[in-house]
Amino acid sequence: MNAGSSGNPFGIKDKLGYMFGDFGNDFTFIFASSFLMVFYTNVLGIDPKMVGVLFLVSRIVDAFTDIGMGRIVDRMPAGKSGKFRPWILRICGPVAVVSFLMYQSGLSEASMTVKLVYMFVTYILWGSLFYTAINIPYGSMASVITDDARERAELSTFRSMGANFASVAIMVIAPAVIYYKDANGNQIVNARNFTLIAGVFSVLAIICYLLCYMMTTERVQVQASAPKEKPSAGETVKALVTNRALLAIIAAAIFLLLSSLMVQAMNNYLFAEWFKNTRALSFVGFIGLPTTLVLALLTGGITEKYGKKEAGVAGMLFTGVIFLLLFFVKVRNPWVFVAVTFVANFGMYYFNMVIWAYITDVIDYQEVKTGNREDGTVYGVYSFARKIGQALAGGLSGFALSAIGYVSEPGAVQTDRVRLGIYNIATAFPGICYIIVALILAFAYPLTKKVVVENSAILAKRRGGDFSE
């Protein structure tokens with residue numbers, strides 16, 4: 001692969017533009033991860049088990065759409081505005097509109113058959129079709145904005161900052177708008193406000209996507225002077241399933257998504273039922289901002305000194321152990337709980353800040369092994385793995401709520417046994433999953449700091465040879 005420059009150098013404009021891309025993504029993704037289950041159960045009155053079935057079915061669809069979109073992106077030639085950026089412009093409207101359509105409170109009086117059909121159609125259109133069609137090109141785009149390893153790490157950091165800024169905005173604003181207290185102090189969902197805030201987030205998503213499109217530049221191109229036959233689908237699959245680094249990061253991603261998204265989903269029930277304080281839930285979202293800003297300053301130095309794998313293992317162990325301690329202690333004060341999780345999440349946030357740089361390392365590892373650069377396909381496989389984690393978290397949260405006896409009816413009051421079950425799920429489950437992520441990184445992921453440096457040297461030598469021709 002030869003690098004061609006667009007003329008304007010990489011800089012802060014690209015980093016901010018790439019940050020806005022994930023800001024746009026997560027105005028719909030994090031909102032759905034955190035509140036869609038609440039909307040389905042508390043506004044539409046749908047059984048949590050059916051919501052779990054929805055998430056699992058949609059992931060079967062994703063097995064085809066994510067990897068298929070990656071293949072499409074890899075094989076389509078670049079246009080005047082690049083290879084990946086045009087997809088952001090094409091899909092930003094449809095993904096935002098369908099996201100808004102998922103939260104229509106006017107359906108609360110419809111028959112259950114209508115609700116279920118509408119739920120399946122809108123969710124699959126949003127997650128499996130339109131979100132895939134914009135997220136795969138967006139994620140792959142980092143490899144063509146720059147080919148410099150340090151600059152790619154900076155893009156990863158800014159992308160994570162965008163996701164965290166969106167999370168802060170959603171977790172601070174949404175609970176204050178969605179919930180109100182009844183005369184007995186119970187937290188009740190305002191169905192009409194649910195729809196309104198979904199519309200606001202969809203508009204903000206479109207604005208962020210457009211900023212991403214306008215502020216980024218694709219610089220790295222494949223020269224046409226030395227064409228190489230593209231591998232077949234079978235050859236690509238064989239190469240992917242033998243890529244140990246990819247398989248390990250997929251496994252780590254699944255358990256990471258299981259834990260972090262389970263926390264997001266269960267926190268709504270935890271703070272409403274166990275703590276009876278949704279204002280504290282808003283603060284949970286807000287404290288992600290200082291964590292992100294602190295780590296944005298420290299991540300580069302930590303990674304350079306210790307390596308991504310090595311620092312990731314330590315961070316995930318730290319977070320997992322503290323969540324297990326919370327499970328045993330049974331904290332009753334919401335502000336103590338918020339303070340402890342703030343400290344605990346530094347380890348998890350570090351891993352999230354550099355996860356996209358892990359993927360760049362995996363793509364380089366794939367190229368070292370096969371000689372082919374397949375950014376879109378590798379990213380598509382990884383994206384599918386993330387959605388598996390999302391689906392399992394959604395499905396498991398629904399099944400878990402049913403198992404502990406949660407009553408999914410508008411205005412229902414839960415028992416003390418259900419509230420204790422919610423607390424146990426929200427602490428023990430993520431604690432175990434975070435520790436599993438640490439073990440996967442430690443024993444299955446092969447890209448230590450030393451190996452990453454060696455792979456970079458191999459690719460630099462290969463491309464140096466290309467440049468001399």
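Things to note:
- Paramagnetic label zone (point 7 Å from Cα along Cα-to-C-beta, LEU298; backbone N under 16 Å) in segment 334-378: 340-354
- In this rough spin-label picture, where each label sits 7 Å from Cα along the Cβ direction, the SER108-ALA444 distance is 4.3 nm.
- Selected from VAL413, GLY347, SER282, residue furthest toward positive end of dipole (the chain; charges at beta carbon): GLY347
- Computed from the C-beta positions of ILE458 and ARG279, the FRET efficiency with R₀ = 41 Å rounds to 0.15.
- Gained length - ILE432 relative to VAL368, 0.36 nm times residue gap less alpha-carbon distance: 19.6 nm
- When both segment 303-330 and segment 51-81 are represented by their alpha-carbon centers, they are found 32 Å apart.
- Charging the Cβ of each Asp and Glu at -1 and of each Lys and Arg at +1, and nothing else, the dipole of segment 108-157 about its Cα centre rounds to 220 debye.
- When only the Cβ of Lys, Arg, Asp and Glu is charged (+1, +1, -1, -1), the dipole of the chain relative to its Cα centre reaches about 200 debye.
- The Cα atoms of the chain define a convex hull whose projected area, averaged across directions, is 20.8 nm².
- Shape category assigned to segment 77-181 from the gyration tensor of Cα positions, a/c cut at 1.5: oblate
- Summed side-chain charge close to ILE388 - residues other than ILE388 whose Cβ falls under 12 Å, Lys, Arg +1, Asp, Glu -1: +1
- Sorting THR360, THR28 on solvent-accessible area from highest to lowest, probe radius 1.4 Å, gives THR360, THR28.
- Note that segment 246-263 has calculated 3J(HN,Hα) couplings of 5, 4, 5, 5, 5, 4, 5, 5, 4, 5, 5, 5, 4, 6, 5, 6, 5, 4 Hz, one per residue in order, obtained from phi through the Karplus relation 6.51 cos²θ - 1.76 cosθ + 1.60 (θ = phi - 60°); glycine and proline are x.
- Rolling a 1.4 Å probe over the protein heavy atoms gives the chain an accessible area of 40 Å² per residue.
- Other residues lying with their Cβ under 11 Å from the Cβ of LYS276 contribute a combined charge of +3, Lys and Arg counting +1, Asp and Glu -1.
- Between PHE64 and ALA78, the modelled label-to-label distance comes to 3.2 nm, taking each label 7 Å out from Cα in the direction of the beta carbon.
- Within the shell of other residues whose beta carbon sits under 13 angstrom from the beta carbon of ALA32, the net charge comes to 0, with Lys and Arg scored +1 and Asp and Glu -1.
- With a Förster radius of 25 Å applied to the C-beta separation of ILE206 and VAL121, the computed FRET efficiency comes to 0.70.
- Peptide packing for 315-322, 333-340, 130-137 was compared via the average number of neighbouring C-beta atoms within 10 Å per residue; ordered from the highest value, the list is 130-137, 315-322, 333-340.
- Ellipticity at 222 nm from helices only: DSSP H runs of n ≥ 4 in the chain, each -39500 (n - 2.57), divided by the residue count, give -25500 deg cm²/dmol.
- Only the Cβ atoms of Lys and Arg (+1) and of Asp and Glu (-1) were treated as charged; on that basis the dipole of segment 1-88 about its Cα centre amounts to roughly 360 debye.
- The chain - percent of accessible surface contributed by carbon and sulfur, probe 1.4 Å: 67
The values are calculated or read from the model by the stated rules, or taken from the named source; none is laboratory data. Here the structure is a predicted model, which means the values were calculated and not measured. Every residue, glycine among them, receives a Cβ derived from its backbone with ideal geometry; neighbour counts consider all protein chains shown. Surface areas here come from the heavy atoms of the whole protein model, side chains and all, with no ligands, DNA or RNA. Shrake-Rupley method; radii C 1.70, N 1.55, O 1.52, S 1.80 Å.
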